[in-house]
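Here the structure is laid out as structure tokens; the discussion comes afterwards.
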Amino acid sequence: MLTQAMFYSIEEQSSIVGVTEAQLHLHYACLQAAYFYRQNQRVFIYTQDQQSAHDIDEMLWAFDPTSFVPHNLIGEGPKQGAAVEISWQPPTNRRAVLINLTSKVPNFAHQFSHLIDFVPRDETLKQQARDRFRTCRQWGFQVAHQVASAPQTIDTTS
């Protein structure tokens, strides 16, 4: 199975007053999770740590009041997990889409048909994204890049 990796650049025009880059990053991850859920794809969101997993879990609960995205932290919910599963640990179930919110490409990324990653504005984080991009190419993934469209608003109350 050939993994298709898409890297989304978060550009300056994506700035929203009062929203941190971390919140913006999570917002884009939620957008992607919702998109793939609507495409009937099972999604795994891989986070750097437990707190980040809880943060995106909370953001997904409040993400879009007009359309619910079924999700859970790994180990919670149904045995096979909800359509979108979130964890800081490797996945336990087969999924089609990996949304990577960590600083490296996880060694299990080849198990997915799609890898979604982000290129932040911060130069240090941008360099890490470039390293992930190179890793994906070296691993034989089909790699592409595009600019993320700027959101109008973000709910930061979660």
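Read-outs: derived from the displayed coordinates by stated rules, not from any lab. Remember, it's a predicted structure, so these values are computed and weren't measured experimentally. Using ideal geometry, Cβ is built from the backbone for each residue, glycine included, and neighbour counts are taken over all protein chains shown.
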- request: Give, to the nearest whole percent, the P(r) tail of the chain beyond 25 angstrom, counting all Cα pairs.
  value: 23
query: Can you put Val69, Val97 in order, fewest other beta carbons within 10 Å first?
result: Val69, Val97
- prompt: If R0 is 22 Å, what FRET efficiency do you get for Gln142 and Lys104 from their C-beta distance, rounded to 0.05?
  reply: 0.70
field: Neighbourhood net charge (10 Å Cβ-Cβ; Lys/Arg +1, Asp/Glu -1) for Phe7
entry: +1
query: In which sequence would Thr20, Thr124 go, from the one with the fewest C-beta neighbours within 10 Å to the one with the most?
result: Thr124, Thr20
query: Taking region 57-128, which chymotrypsin sites (Phe, Trp or Tyr not before Pro) meet the DSSP loop condition and have no more than 15 other C-beta atoms within 10 Å?
result: Phe68, Phe108
message: With a cap of 13 neighbouring Cβ atoms within 10 Å, and only residues DSSP puts in a loop, list the GluC sites (Glu not before Pro) found in region 36-113.
response: Glu76
message: Exposed loop sites here are trypsin sites (Lys or Arg not before Pro) in DSSP loop states with at most 12 other C-beta atoms within 10 Å. What is the longest stretch of the chain lacking them?
response: 1-78
message: Compute the distance from the alpha-carbon center of region 76-91 to that of region 111-145, in whole Å.
response: 23
